[in-house]
Amino acid sequence: MSSLDEVDRRILGILQDNADQSNLELARLIGLSPAATLRRVKRLKETGAIEGVVAILNPQTLGEGFLAVVEVSLERQGEHALQAFAALACAQPEVQQCYQVTPGPDFVLIAQLPHMPAYQRFSQRLLTEDHNVRHVKAYFSVKRHRFKVGLISA
C-alpha cells in the first residue's frame, strides 16, 4: 500500500506499539471520530498494510525454552534454490521468522525451541538433510532484553 496519508501512518504507529486498545481510545489519540477510525483500520487490514494482530508472549516468564538465531549459507544461490530453502524453512513450526539476507549468509532464521534435543532434531531435519546447505552458524539467546516490532513511528 503506497498511498498512506499522515493519519494512516499515525494509526499504524500507535497500533504497532499497542494494538490492544479500544477503537474509542485510538480515535481519541488520532483525533478522528470512532466510526472514521474504524473504517480506516478496516481498510488498512483489507489492503494488507496490517497483516495481523498478535499477542507477543514472553518466553522467559512462560518457561518456554530458548530462541535460536541461525545463519544458513547455501551451496547454490540460484533463485530456485533460494526459494526452495525459504519454503522449507517457513514450513518448520519452530521457525518464527525467516530472512533472506546479503552479504554474508543467505538466510537468517529465528526459531523458538523448547530444549536442546528439539534444536538437534530441528537442525537435522532442516539443515543437515538438505544437501544444498553449505554452512550453519547458530546463536542461542540466554536473555531477551528487548523485543519490539514496528516500521512506522507514531
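Please give the residues of region 57-85, grouped as numeric ranges, whose backbone N is less than 20 Å from a label point set 7 Å along the Cα-to-Cβ vector of Q100. Residues 70-85 fall inside that zone. Going from the fewest other Cβ atoms within 10 Å to the most, the residues S141, S3 appear in the order S3, S141.
Computed from Cα atoms, the angle from the helix 6-17 axis to the main principal axis of the chain rounds to 50 degrees.
Given their separation in residues at 0.36 nm each and the Cα-Cα distance between them, D17 and H80 gain 19.0 nm when the chain is fully extended.
The angle between the Cα long axis of helix 79-90 and the main principal axis of the chain comes to about 80°, on a 0 to 90 degree scale. Considering only H115, H80, H135, the Gaussian network model of the chain with Cα springs below 10 Å gives its largest mean-square fluctuation to H80.
Suppose the chain between H135 and A35 were pulled fully straight at 0.36 nm per residue; how much longer would it get relative to their current alpha carbon spacing? Mind dumping the intermediate values first?
Details: separation 100, 0.36 × 100 = 36.00 nm, distance 5.31 nm.
Going from the current span to full extension adds 30.7 nm.
From the convex hull of the Cα coordinates of the chain, what is the mean projected area in square nanometres? Show your work: numbers first, answer last.
On the way: hull surface 45.3 nm².
Mean projected area of the Cα convex hull: 11.3 nm².
Values quoted throughout were computed directly from the atomic coordinates according to the rules given, and no laboratory measurement underlies them. Small disclaimer: the values here were computed from a predicted structure and weren't measured. Reconstructed Cβ throughout: ideal geometry from the backbone, glycine too, with neighbour counts over all protein chains shown.
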